[in-house]
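Chemist: To start, I am sharing the structure in question, which I have written as structure tokens.
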Amino acid sequence: MRPTDLGESVQPPREILPSSPASDSPLGLNRSQLGVGAASPADPLFVSAEPQTLSASWPARPAVAVAAPVAPARPLVVSPFPAAVGAGEIALPRPDAIGFPISEAWRDRIVQRLLEILPGATALLVITSLVWGTFVIPIPLAVLLLGFDVYWLWRSVNAGIHVVRGHSVLKREAKVDWRERYEEAKAEGKAYLEWEDVHHVVIIPSYKESVEKLSITLDTLAEQSVGDEQIFVVLALEGAEEGAADKAHLLQDRFSRRFAGFYPTFHPPDIPGEVRGKSSNEAWAARHIKRRLVDELGYDIGHLTVTSCDADTQFPKNYFSCLTYKFATHPQRYRRFWQAPIFLYNNIWEVPAPLRLPNGLGSLNHLVRLTRKHCIRFPQSTYSLSLKMADEVGYWDVDVIPEDWHMFLKCFFRLKGEVEVEPIYLPVGNDGVRSQGYFKTFFAQYEQARRHCWGAVDISYAIRQSFAHPEIPLLLRFRRTWSVFENHVLWSSQWFLITIGSLTFGKIIPAVSMIVIGAEAVPGWFGPIAARLLFPCMVPLLVMVGMDMLMRPRRPKDFPLWLLPVQFGQWFLLAPITFFFSALPALDAQIRLMLGKRLEYRVTEKA
């Protein structure tokens, strides 16, 4: 019988999984020892419900039951979370504190609150200045607005140039034989690891995702051009999800033979001090896979990468070949994140037309940021790093919602500012938001955007870490911290500066001031100069429209032809669409943070 034949389904508390026959593996172990079986009481991935006592200053953590490897001929007993206590128990490693620890001292709490208020207060100050600034500081405000218009023109032209360049780079990199390029580097003495020694761990956090959705992601992993013995899959499920064990067993049955190892993990709910979400789930899964592969099976942690992705991520066929080449030949491989451009094109023809615009623009802007040479980059959504670096910093923090930028900042400050993000120019696909019906989809899109904008919490983290690490050069700390601050404040305020600023300051306010005070409060030269600066931005926008249509998947045959003009007409609704699905959720998130209201993690529906 195959290792994943589950036989008759048995209800909790225990399910029987038949034994696994031996098969070849890199270390001469059978597939059950490599992790293709589900977590069991005799398995390091087994989750115990009994808490263990740690220090008085740290919350109790669940324990992991550990026993000797299971003999191939003996059946595995699978117990879905929660399970009974196993043979022996050890406490989980204490997770790292989140950056600069917040003590109970009143002074520290006040500093933290002020830093949390900072992004929202700054955004509101900028936005409201378009009204009160007209009467209090009209000329300085006009100069500042024109300065922003110059900046926006530069950004627009820069984006138009780099999106064309990025498309060219993607086409070029898609043709590369990465194994051949590796052999060339090896012949020149520039390879630090053997190709076959590099192994990849892929963590797929999932909560209430369908088997069909996960199967698509797993298919793209199984079809990678690297050998199937080089990829380990960790299906990181939430223990609170009803039917999680059945889902894990079903996916094992389909995919366990196609990877070096297939490891389901079940993240316990309601652990004290944790925030439910991708970050805490990944931290749980990463600790377990490190224990299994490195501590139990003897893999070299310096030869392992770990890739964080979403349940709907679709990897290009050569992604892990490219990653193998870059990891094996890079002298700073333990201080690098690797990021591919993410395109929300998987279901682009199925989402409502108004959402295709932010999906397309967001995808192209991500390509632009990766293509620019002097851009300060951050990882986003799907990214790779060395397991060694993740282990050095204590893995992902467990009490944050946005995990990608936060994990990078944690590595950056802990490791003396030596960490950078390098691009992989192969397009990764993700789904756009799609729910049951238009209005539910619009609401889900808004909620997802607000969750992404909740990354403003990293502003306080970055500022405090900057002061806590004087060993990092001041300019390096400032540039990284300023980039976090600038991104989030502009996210919530730039729409008002571009759309409302010129209209209000150039036309409405002058007309009102003539009626109220009988004189123009705004300098007469502002309107014509602002128009001359912003009108040329239409050219890069048209370039983005053309590149979006060029890079999308082919139109499906069942897509109505009469809807094609809508693909271009939606661009005339750019202002209201970007307000409701970008500026407003960003402002919402920052005001919530400013008022001390915490955001709960909610899974976005992508039907």
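Chemist: Quick one: which of 175/440; 213/317; 190/317; 317/440; 388/440; 247/326 span more than 30 angstrom between C-alpha atoms?
Modeler: Checking Cα-Cα distances, 175/440; 317/440; 388/440; 247/326 exceed 30 Å.
Chemist: Still on this structure, I have one more. Working with all protein chains in place, sort 165, 532, 335 by solvent-accessible area computed with a 1.4 Å probe, largest first. Working shown, then result.
Modeler: Details: 165 95, 532 170, 335 45 Å².
Listed by decreasing accessible area, they come as 532, 165, 335.
Chemist: Still on this model: At a Förster distance of 60 Å, what's the computed FRET efficiency of residue 440 paired with residue 172, Cβ-Cβ distance as r, to 0.05? Before the final figure, lay out each step's value.
Modeler: On the way: r = 41 Å, r/R0 = 0.68.
About 0.90, to the nearest 0.05.
Chemist: Under 5 Å between amide H atoms, partner at least 5 residues away or on a different chain: which partners does residue 424 have, H built in plane at 1.01 Å?
Modeler: 339, 340
Chemist: Of the listed peptides 134-145, 362-373, what is their order by residue-averaged count of other C-beta atoms within 10 Å, with the highest listed first? Walk me through the numbers on the way to the answer.
Modeler: Working: 134-145: 16.0, 362-373: 19.6.
Ranking, from highest mean packing down: 362-373, 134-145.
Chemist: Can I ask one more? What is the sum of charges, Lys and Arg at +1 and Asp and Glu at -1, for the other residues whose Cβ falls under 10 Å from the Cβ of residue 214?
Modeler: Value of the local net charge: -1.
The values are calculated or read from the model by the stated rules, or taken from the named source; none is laboratory data. On a predicted model such as this, the values are computed, not experimentally measured, just so you know. Backbone-built Cβ (ideal geometry, glycine too); neighbour counts: all protein chains shown. For accessibility, only protein heavy atoms count, side chains too; no ligands or nucleic acids. Shrake-Rupley method; radii C 1.70, N 1.55, O 1.52, S 1.80 Å.
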